[in-house]
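S.K.: Questions regarding the structure given below will be posed in turn.
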Amino acid sequence: MDNAILIAGPTASGKSSLALSLARALDGVIINADSMQVYRELRVLTARPSAAEEAAAPHRLYGIVSAAEPFSAGRWLDLALAEAALARQAGQVPIIVGGTGLYFQALTEGMAEIPDISAQARAEAREKLEQLGSGGLHAVLGEIDPVMAERLKPTDPQRIVRAYEVILSTGTSLAEWQRRPASTPILPQPWRGFVLNWPRAELYSRCEQRLAAMLDQGALDEVAALAAMDLDPALPAMKALGVPELIRLSRGEIGREEALAAAQQATRRYAKRQMTWFRNKMCAWNSLDAQDSERLSEIIIPFIT
């Protein structure tokens, strides 16, 4: 079978469980499409599959890099395409699952290639972030690249740094690079895309319950170990859901209930942004009612066989 299955959905929507059911039924290989589950230090807090789940079916691109490394969509795309090709060559079904919309967009539509960023520009961007903070660097970006500054919130340091280093290194706005035709490979057909949907209130409740359970499962120890690595706070892993709040909890700056409430609020906001992305950018994909979890595998399989 050459078909590939793509499963997208917001955090806590049941994607991993569905992917495992499909992998068992179809001799599938599960390929991660979540930008935080690539980090090996964050198994609990990013809800990576457990060791038992990983043993039940092949899982690829989970926990593959250190939190000390930045990890780009372009790098993920290269790895995901390679894993999907290997699965197909072996007669297995690639099941690509995650909540990072940009990864799926790159996989199915390609990416405009941006020249390598100079080490000098990268270093200057991070130095200015440290000196000026996210809002200050956003203001500086507005002077040299007003188009990208208009698109970005002053509270989004990761994307502000990226936009700043791109224009500094290349002399061209990231917006212009993104407008150029995609030049990277994409996932060959045939494939079928599915988006899991929950009523908003129920999804928020699932997010909140899962975060509370993560604290009981060792998330605080996990984040304390991450904090002990003394990494650049601008690194993507340091911005993972729950990390900033649990770092403050581990340092005794806030209490457990305050940390949990703040992390739950951040997770609800992220889930809302994910749902907006899927609704606007993946409207042609098959929409599935995630509440019908017992039948989802049965619904999907006829689409691809």
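S.K.: Just need a number here: residues in region 234-256 that are closer than 25 Å to W76 by Cα and in contact (Cβ under 8 Å) with a residue 24 or more places away in the chain.
M.R.: Residues in region 234-256 being closer than 25 Å to W76 by Cα and in contact (Cβ under 8 Å) with a residue 24 or more places away in the chain: 10 in total.
S.K.: Let me ask something additional. Can you name the residue in region 178-202 that is modelled with pLDDT under 85 and over 25 Å from I31 (Cβ atoms) and is also surrounded by the most Cβ atoms within 10 Å (Cβ to Cβ) among such residues?
M.R.: Filtering first and then ranking leaves R180.
So that you can scan it fast, the table gives a plain yes or no per residue for (1) surrounded by fewer than 16 Cβ atoms within 10 Å (Cβ to Cβ); (2) closer than 29 Å to T155 by Cα:
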| site | (1), (2) |
| --- | --- |
| G91 | yes, no |
| Q105 | no, yes |
| G110 | no, yes |
| A123 | yes, yes |
| E130 | yes, yes |
| G136 | yes, yes |
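S.K.: Failed condition for E69, given (1) part of a loop (DSSP other than H, G, I, E, B); (2) surrounded by 19 or more Cβ atoms within 10 Å (Cβ to Cβ), with all others met?
M.R.: Exception for E69: condition (2).
S.K.: Right, next: Output the helices (runs of 4 or more DSSP H) that fall wholly within region 72-155 and possess 3 or more residues being among the small types (G, A, S) and touching a residue at least 24 places away in the same chain (Cβ under 8 Å), or say none.
M.R.: 73-89, 119-144
S.K.: Out of everything in region 270-285 that is surrounded by fewer than 17 Cβ atoms within 10 Å (Cβ to Cβ) and under 22 Å from A201 (Cα atoms), what residue ends up being farthest from the chain's Cα centre (by Cα)?
M.R.: C283
S.K.: Determine whether Q274 is under 17 Å from T11 (Cβ atoms), in contact (Cβ under 8 Å) with a residue 12 or more places away in the chain and in a loop (DSSP other than H, G, I, E, B).
M.R.: Judged against the criteria, Q274 is not a match.
S.K.: Quick one: is I299 β-branched (V, I, T), surrounded by fewer than 17 Cβ atoms within 10 Å (Cβ to Cβ) and in a helix (DSSP H, G or I)?
M.R.: yes
S.K.: If you don't mind, another one. Of a type in the set (D, E, K, R), more than 17 Å from W277 (Cα to Cα), assigned by TED's automatic domain parsing to the domain that holds W285 and under 16 Å from the mean Cα position of the chain (by Cα): does that describe R75?
M.R.: Criteria met by R75.
S.K.: Let me ask you something else. Given the residues E208, E202, which is the only one that is in contact (Cβ under 8 Å) with a residue 24 or more places away in the chain, acidic (D, E) and under 13 Å from P10 (Cα atoms)?
M.R.: Just a single option satisfies the conditions, and that option is E202.
S.K.: Residue by residue through region 248-269, note down the ones that are buried (at least 16 other Cβ atoms within 10 Å of the Cβ) and under 18 Å from Q158 (Cα atoms).
M.R.: A266, T267
S.K.: Here's something else I'd like to know. If R159 satisfies every condition in (1) more than 30 Å from C207 (Cα to Cα); (2) not assigned by TED's automatic domain parsing to the domain that holds C283 but one, which is the exception?
M.R.: R159 satisfies all of (1) more than 30 Å from C207 (Cα to Cα); (2) not assigned by TED's automatic domain parsing to the domain that holds C283 except (1).
S.K.: If you don't mind, another one. Could you tell me which residue of region 11-37 is surrounded by the fewest Cβ atoms within 10 Å (Cβ to Cβ), considering only residues that are in contact with a Gly (Cβ under 6 Å, 6 or more places away or on another chain) and farther than 16 Å from G63 by Cβ?
M.R.: Filtering region 11-37 for residues that are in contact with a Gly (Cβ under 6 Å, 6 or more places away or on another chain) and farther than 16 Å from G63 by Cβ, the one surrounded by the fewest Cβ atoms within 10 Å (Cβ to Cβ) comes out as T11.
The values are calculated or read from the model by the stated rules, or taken from the named source; none is laboratory data. In this text, all values refer to a predicted model and were calculated from it rather than measured experimentally. Neighbour counts run over all protein chains shown; Cβ positions are idealised from the backbone, glycine included.
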